[in-house]
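Written out below as structure tokens is the structure these notes cover.
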Amino acid sequence: MAGVNARTTRVVILGGGPGGYEAALVAAHLGGEVTIVDRDGLGGAAVLTDCVPSKALISTADYMSEFETAADLGVHLEDPEGDEVSDAVAELGEVNVRVKDLAAAQSRDITDRVEEVGVRIVRGTGRLVSATRVEVAVEGDDSGATETVDADVVLIATGATPRVMDTAQPDGERILTWQQIYELDALPERLVVVGSGVTGAELAQAYLGLGSEVVLVSSRDRVLPGEDPDAATVIEDVFTRRGMEVLGRSRMAGVERRGDGVVVRLEDGREVEGSHALLAVGSVPQTAGLGLEEVGVELSPSGHIAVDRVSRTSVRGVYAAGDCTGVLPLASVAAMQGRIAMSHALGDAVAPLRLGDVSANIFTDPEIATVGISQKALDEGTVDADVVMMPLSRNPRAKMMGITDGFVKLFAQKGSGAVIGGVVVAPRASELIFPVTLAVHHRLNVDQVASTFTVYPSLTGSIAEAARRLHTTAP
Ligand SMILES: Cc1cc2nc3c(=O)[nH]c(=O)nc-3n(C[C@H](O)[C@H](O)[C@H](O)COP(=O)(O)OP(=O)(O)OC[C@H]3O[C@@H](n4cnc5c(N)ncnc54)[C@H](O)[C@@H]3O)c2cc1C
């Protein structure tokens with residue numbers, strides 16, 4: 001659509017998550033006449049049920065875990081009578097009120113921001129009737145009336161939803177998806193988390209930190225399959241050391257209510273009892289019933305929308321962004337895809353999506369942050385790189401802070417020494433990865449990183465130290 005007069009381009013965006021609302025801001029800035037159709041609230045699942053609430057819950061769990069190391073640093077809690085207090089207690093009802101308030105406030109902030117730039121919001125469920133027309137079943141209109149919105153450009157950003165199996169039906173009380181847990185007003189006594197991917201691992205550890213007994217059912221050999229194996233080993237070790245029961249190579253067959261609790265049945269016939277079960281077995285794209293096939297938008301066998309690196313679908317003028325495309329299920333990537341789509345559609349300068357320097361974080365304790373090439377690529381021989389791993393236990397600041405787990409790993413291209421990837425496993429690794437991301441993004445070599453000052457003492461000192469160890473002298 002490059003070349004269309006941006007002042008008159010009508011843009012309709014289906015879905016108000018990061019893919020949709022970030023696109024709306026760009027489209028409005030570029031002079032488009034923008035409408036967002038959303039049925040759950042701006043911010044989408046990212047803000048209302050997924051990223052924001054889970055990270056807010058984890059913040060409470062992280063706070064609780066500070067108490068575990070407090071005694072090592074010489075801190076003891078006392079009650080007013082002078083008796084030593086051994087346990088901090090999380091009141092889940094209070095925690096969840098805070099979490100939901102925070103999500104709602106974030107959604108309101110986003111709504112205000114998009115309204116400020118003149119975007120029209122239509123609350124309801126939309127579908128394409130053609131590549132240039134969206135029909136909306138408007139929320140709150142029980143008469144079945146619909147509104148039709150004409151468009152020059154359409155962006156589909158409808159996200160994904162938790163995968164549900166026939167044999168494991170969530171009931172919102174004891175058998176829960178990750179979107180339902182914020183309705184609990186008391187901590188589960190014994191929570192069985194099914195699935196040890198990012199969501200399962202993060203939430204299993206959060207509830208363990210909050211005080212639940214936790215069993216993690218993992219179908220694979222180790223937790224966090226697909227992630228850096230050294231990082232996953234550290235995390236599994238921390239999980240078990242803190243008392244989580246990790247059942248590896250255990251595939252769920254189904255879950256049912258029994259008495260006052262739940263039973264998770266495994267395929268090998270074993271049964272795992274708990275008070276509650278949390279299902280974290282993946283997501284499915286929300287692309288059914290949108291009229292996509294009817295207008296010729298190509299879908300993959302998994303139901304994801306096929307897009308190129310500027311977010312174009314197979315139909316001219318129809319773009320897609322975010323989890324509905326299955327490119328990389330991250331809020332940051334959804335937002336970038338949405339922005340790129342609008343820059344392309346409205347004729348602005350556009351840089352195609354580059355996945356090679358996306359930084360991502362797993363909010364376990366310690367966190368795992370990664371960027372660039374992976375250990376897997378190295379092990380499989382698809383890249384040739386030198387690698388150095390520095391345990392944090394030798395870092396002076398880590399010692400002062402009582403940090404015993406974690407490491408910094410850097411990958412450098414053989415020959416050039418360019419930093420092509422890295423892994424940080426540490427508290428707040430999500431913040432510490434940024435210098436490595438800068439190095440990967442700007443093609444800095446290890447000597448450039450090594451010769452940059454770091455604060456003494458600091459955790460980032462280990463990043464510079466890893467770079468120094470990767471220095472090679474000319475042959
Ligand atoms: C538990 C969990 C934690 C996560 N934590 C992080 C994290 O820390 N960092 C990170 O980067 N990513 C995280 N993610 C991933 C992140 O949430 C997603 O990548 C992100 O939400 C994708 O954004 P989106 O815009 O594609 O869709 P969504 O955020 O899913 O928004 C889609 C919106 O579209 C609306 N919609 C759907 N169909 C229609 C329709 N027909 N009509 C109108 N509206 C419709 C929905 O109501 C929703 O509001 C997490 C995911 C999970 C499950």
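The numbers here are math on the coordinates, done by the rules we state, and not lab data. What you are looking at is a predicted structure, and each value in this text was computed from that prediction instead of being measured. Here the Cβ positions follow ideal geometry from the backbone for every residue, glycine too, while neighbour counts run over all protein chains shown.
Summary of computed values
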{"read-out": "Gain upon complete extension [E116, H442; 0.36 nm per residue less C-alpha separation]", "value": "113.9 nm"}
{"read-out": "Förster-model FRET efficiency, 45 Å R0, A71 and D109, C-beta, rounded to 0.05", "value": "0.70"}
{"read-out": "222 nm mean residue ellipticity, helices alone, for the chain (DSSP H n ≥ 4; -39,500 (n - 2.57); rounded to 500)", "value": "-9000 deg cm²/dmol"}
{"read-out": "Label-point separation in nm, D87 to Y456, each point 7 Å along Cα→Cβ", "value": "4.5 nm"}
{"read-out": "Relative contact order [Cα under 8 Å, 6+ residues apart], the range 366-469, whole percent", "value": "31 percent"}
{"read-out": "For the range 175-281: relative contact order, % (alpha-carbon pairs under 8 angstrom, 6 or more apart)", "value": "35 percent"}
{"read-out": "S302-Y63 FRET efficiency (beta carbon distance; Förster radius 45 Å; 0.05 resolution)", "value": "0.75"}
{"read-out": "Label point distance in nm, D79-T167, each placed 7 Å from Cα along Cα→Cβ", "value": "4.8 nm"}
{"read-out": "Whole-Hz ³J(HN,Hα) from phi, Karplus 6.51 cos²θ - 1.76 cosθ + 1.60, for the range 256-264, glycine and proline x", "value": "9, 7, 9, x, 8, x, 10, 10, 9"}
{"read-out": "Extension gain (nm, one decimal) between E256 and D101, 0.36 nm per residue minus Cα-Cα", "value": "52.7 nm"}
{"read-out": "Label-to-label distance, nm, for residues given as R123 and D237 (7 Å Cα→Cβ offset)", "value": "5.1 nm"}
{"read-out": "Built amide H within the under 5 Å cut-off of V255, gap 5+", "value": "A168, Q169, R265"}
{"read-out": "Around L48: net Lys/Arg minus Asp/Glu count, Cβ-Cβ under 10 Å", "value": "-1"}
{"read-out": "Antiparallel bridge percentage (DSSP; both residues within the chain; nearest 5)", "value": "65 percent"}
{"read-out": "Net charge, S416 excluded, C-beta distance under 15 Å - Lys, Arg +1, Asp, Glu -1", "value": "-1"}
{"read-out": "Net charge, T325 excluded, C-beta distance under 15 Å - Lys, Arg +1, Asp, Glu -1", "value": "-1"}
{"read-out": "R468-K376 FRET efficiency (beta carbon distance; Förster radius 25 Å; 0.05 resolution)", "value": "0.45"}
{"read-out": "Residue list for the range 178-217, given a label point 7 angstrom along the Cα-to-Cβ vector of E273 and an amide N cut-off under 19 Å", "value": "188-194, 212-217"}
{"read-out": "Shape of the range 175-281, Cα gyration tensor, a/c cut at 1.5", "value": "oblate"}
{"read-out": "Helix runs (DSSP H) in the chain reaching 15 Å along axis by Cα, Kyte-Doolittle at least -0.5", "value": "18-29, 51-70, 198-210, 229-241, 331-345"}
{"read-out": "For the chain: relative contact order, % (alpha-carbon pairs under 8 angstrom, 6 or more apart)", "value": "15 percent"}
